[in-house]
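Read-outs throughout are calculated quantities, based only on the coordinates presented, and are distinct from any laboratory measurement. Quick caveat, the model's predicted, so the values are computed rather than measured. For neighbour counting, all protein chains shown are included, and Cβ atoms are generated from backbone atoms with ideal geometry for every residue, glycine included.
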Amino acid sequence: MAVVLESLKDDVFTITLNRPDRKNAMDFDLLKGLYGAMKNAAREKAPFVVIRGSGGAFCSGGDIMAFKEAQDAEALIDAEAAVLHESIKMIRNIPAIVIAVIEGVAVGAGIGLALACDLSIATKKTIMNMGYRRIGLTPDGGGSIFLPRLVGAKLFNEMYFFSRNITMDEARQLGLVNVVCDDGEVEAKLGELIGTLKALPMETVGNFKDLVNRSLFFGLESHLDRERQYVADFASKPLFKQRLDEFFRKK
């Protein structure tokens, strides 16, 4: 079974994370598939890219079971962060409107992936959670640049330190998502959103995104490098394995 699905229809390139049994947790194969799909979307010059998950979940973040079982967690997390960050940079730089469809959960790197997108639709029962501190890691996937610049330092600190759930009512108020709807309305709302966007000129999108990147997400590449360095460094410490053991015992 392919862990990332791709389709192109009516100028919309859809990328579906497809590990439903793991709530689309990011392992190395899924991250490679995501990056490859983003490159394919760029090659097709699709004006719209939709990123979503299968099985009623967007993405539960890194596959912590794989971290627990890895002989060398540092090398695994470093490699995964590297390819994830290439996808994040592509999302920000591709001259297409990238839309996240967020259902169920967006945890850890799943938040970074969602926030990297230009627009997002979420279902009412979806939960976001930074998650990293629960297993003793710092954020990756751009989470520590996108979220604080959107909500401010104090609220970001609260979200990381307490690892609390963010409801979609709060996410909408904070500007983390654009549309919140019932589960059964997702496809209609997505079609409506894309239909409205298609009615407008598309030639400015690449330059517009460049302006947004320069004004709001300046320093993204070097920040992603620092995120990768820190998350891999913490994964190398025996305490990380201890935190994982404690996490799984609580479950």
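Quick notes on this structure:
- Environment charge of ASN93, counting only residues whose C-beta is closer than 9 Å and scoring Lys/Arg +1, Asp/Glu -1: +2
- Rounded to 5, the percent of DSSP beta bridges in segment 90-215 classed as antiparallel: 15 percent
- Exposure proxy for THR14, THR126: other Cβ atoms within 10 Å of each Cβ, ordered fewest to most, give THR14, THR126.
- Relative frequency of Cα-Cα separations exceeding 23 Å in segment 135-251, percent: 53 percent
- Entries of LYS23/LYS68; LYS39/LYS237; LYS45/LYS154 with Cα pairs more than 28 Å apart: LYS39/LYS237; LYS45/LYS154
- Reachable lysines from LYS32, criterion Cα separation under 16 angstrom, eight or more residues apart if same chain: LYS89
- Charge dipole magnitude, Cβ of K and R +1, D and E -1 - the chain, Cα centre, debye nearest 20: 500 debye
- Relative contact order computed over the chain (Cα-Cα under 8 Å; 6+ residues apart), in percent: 19 percent
- DSSP beta bridges in the chain [antiparallel fraction, %, rounded to 5]: 25 percent
- Magnitude of the charge dipole, segment 60-168, Cβ model with Lys/Arg +1 and Asp/Glu -1, debye to 20: 620 debye
- Cα convex hull, the chain: 121 Å³ per residue, rounded to a whole number.
- Largest-first principal axis extents of the Cα set of segment 80-199 (Å): 44, 29, 23
- For VAL105, the residues 5 or more places off, or on other chains, whose built amide H falls under 5 Å of its own are PHE58, CYS59, ILE127.
- Neighbour-count order for LYS189, LYS237, fewest beta carbons within 10 angstrom listed first: LYS237, LYS189
- Applying 1/(1 + (r/R0)^6) with R0 = 30 Å to the Cβ-Cβ distance of GLN173 and ASP245 gives a FRET efficiency near 0.20.
- The C-alpha atoms of the chain define a longest principal axis, and helix 186-198 lies at about 50 degrees to it.
- To the nearest ten degrees, helix 28-44 and the longest principal axis of the Cα atoms of the chain are 20 degrees apart.
- Taking the Kirkwood radius as Rh and the Cα radius of gyration as Rg, segment 1-130 has a ratio of Rg/Rh equal to 0.95.
- Largest-first principal axis extents, alpha carbons of segment 187-236, Å: 49, 28, 13
- Relative contact order of segment 1-140, pairs being alpha-carbon contacts under 8 Å that are 6 or more residues apart, as %: 23 percent
- With contributions of -39500 (n - 2.57) from each DSSP H run of at least four residues, the per-residue ellipticity at 222 nm computed over the chain stands at -16000 deg cm²/dmol.
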